[in-house]
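Notes to accompany the following structure.
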Amino acid sequence: MIITFSNMKGGVGKSTLCVSFSNYLASQGLPVRVYDVDRQTTLVLARKADLEQEPERIPLFEITEVKFEKFWLEVKKLVGQPGFTLIDMPGMYSKEVIEILKHTDLVIIPFQYENYSMTATGQFGSLLDTIIARNPGISLDSIYVPNRVNCTIGRKKDKEEWQLWEAAIKKVATLAPMIPDRVCMQRRSTLYLNPVERECVTPCFEFIMDRIAKMKDKVNQEDKV
């Protein structure tokens, strides 16, 4: 299964969410491979720093740096490979992004309750709808993830607007449980999922895994037909 972490808005936590989910999958013994397609190579640099601090640690999965300009031509080779292929995407919109998404099974879309983030996320959702409409043969699903949410900030009016926006998402898409903004989420490692971090992300990741199980069941049923 190919899973991309994507949004048109940068700084919403795509890379950190990708590495947390990778650790979550790998800790359950599931085969995982990660491709860092973002030009900032955040995950590749983080893995290097983590290994320098803990050289005795054996990584649970590999992180491969791939040039974005070339990856969109190679992504089709990853279709159908066993296990999980996770892709950390750049925060942008282009024909290359569209081509990668066309070969994706599940898009995980992190966002934050902030006007610019919500606007960009809505635009990205419209882009996904257009891709699906123009390519009826693809099996592209999506999950929106409220990421690094601080429930203590925001005016009453802001929170009311967030609730309305959240309700609008639920009418047309899948919304996962939020991931709280805590210190543990700022100290993630590419080598393991620490216990406190696991507590923060488990409700969201269990929701995602349940969605993945339903997607696989649907595919199996269609294959039988």
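The values are calculated or read from the model by the stated rules, or taken from the named source; none is laboratory data. None of the values given here were measured: they were computed from a predicted structure. Using ideal geometry, Cβ is built from the backbone for each residue, glycine included, and neighbour counts are taken over all protein chains shown. Calculation scope for accessible area: heavy atoms of the full protein, side chains included, ligands and nucleic acids excluded. Shrake-Rupley method; radii C 1.70, N 1.55, O 1.52, S 1.80 Å.
Rolling a 1.4 angstrom probe over the protein heavy atoms with all chains in place gives the chain an accessible area of 53 Å² per residue.
Could you tell me whether the stretch 45-139 comes out rounded, prolate or oblate from its Cα gyration tensor? Rule is a ≥ b ≥ c as square roots of the eigenvalues, rounded for a/c under 1.5, then prolate if a/b exceeds b/c, otherwise oblate.
Details: a/c = 2.33, a/b = 1.43, b/c = 1.63.
Here the stretch 45-139 falls in the oblate category.
The trypsin sites (Lys or Arg not before Pro) of the stretch 62-96 meeting both criteria, a DSSP state outside H, G, I, E and B (loop) and at most 12 other C-beta atoms within 10 angstrom of the site's C-beta, are Lys67.
Considering the stretch 1-99 at the alpha-carbon level, its Rg and Dmax are found to be 13.3, 41 Å.
With N set to the residue count of the stretch 76-129, report its C-alpha Rg divided by 2.2 N^0.38 Å to two decimal places.
On the way: Rg = 12.7 Å, N = 54, 2.2 N^0.38 = 10.0 Å.
Compared with the compact-globule rule of thumb, the stretch 76-129 sits at 1.27.
Computed over the chain, the alpha-carbon pair-distance distribution with 5 angstrom bins reads 1, 6, 14, 19, 21, 17, 12, 6, 3, 1, 0, each value a whole percent. Taking a straight line from the alpha carbon of Lys157, these aspartates and glutamates sit under 13 Å away, with near neighbours fewer than eight places off in the same chain left out: Glu114. The H on the amide N of Asp141, modeled in the peptide plane, is under 5 Å from the matching H of Leu106, Val107, each at least 5 residues off or on a different chain. Between Arg198 and Glu54, the contour length at 0.36 nm per residue exceeds the Cα-Cα span by 49.9 nm. Considering all C-alpha pairs of the stretch 93-215, those separated by over 24 Å amount to 36%. Heavy-atom accessible surface of Phe207, to the nearest 10 Å², is about 70 Å², with a 1.4 Å probe and all protein chains retained.
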